[in-house]
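Structure record follows, encoded as structure tokens.
Read-outs: derived from the displayed coordinates by stated rules, not from any lab. The structure presented is a predicted model; accordingly, all values stated were derived computationally and were not measured. In this analysis, Cβ positions are derived from the backbone assuming ideal geometry, glycine residues included, and neighbour counts consider all displayed protein chains.
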Amino acid sequence: MWQWGCKNQHLIVRTIKAKTHPETKKLFWILFAGSRGSDTRIRIMSVLRNRPRNRNQLATELGVDYKNIQHHIKVLEGNNLVKKTGHQYSMAYYVSELFMHNEIAFDEIRDKLKIRNEDYVF
């Protein structure tokens, strides 16, 4: 909910932060910060949130082995964070509603990891 108001000719904007369910936040921390390959999963989700891509496009764009992308997509799909459309060679992946509703938690984790790893590129 947004509230707009003017006081002494200054614009006041208040926002209410969306709350993430604790279990969802825990899942995000495990997948994106607390397990091996979490950096690759962050990179995959950062790319997919802009537009859908197939596994080959992801591998090429991220400079990661195709089998590695295949593994991480399977993990993300198993945790309902990505969905697929199409079949076989034309299959494209996109972010799920669960991810879209909790993007704030993803951004929070990604930003905290960036601070710890200044030279790290997501």
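Can you check what the net charge comes to around residue 97, using other residues whose Cβ is under 15 Å from the Cβ of residue 97 (Lys, Arg +1; Asp, Glu -1)? Could the numbers behind the result be given before it?
On the way: positive: 49, 83, 84; negative: 77, 103.
That sum, taken over residues with Cβ under 15 Å, equals +1.
By the equivalent-ellipsoid construction on the alpha carbon gyration tensor, the range 20-116 comes out with semi-axes of 22, 15, 11 Å, ordered largest to smallest.
Charge tally for residue 67 (other residues, Cβ to Cβ under 13 Å; Lys, Arg +1; Asp, Glu -1): +1.
Electrostatic tally near residue 78: other residues with Cβ closer than 13 Å to its Cβ, Lys and Arg +1, Asp and Glu -1, net +3. Among 105, 71, 48, flag the residue with its Cα farthest along the positive direction of the charge dipole of the range 20-116, charges on Cβ as +1 for Lys/Arg and -1 for Asp/Glu. Of the listed residues, the answer is 71. Between residue 21 and residue 84, the modelled label-to-label distance comes to 2.4 nm, taking each label 7 Å out from Cα in the direction of the beta carbon.
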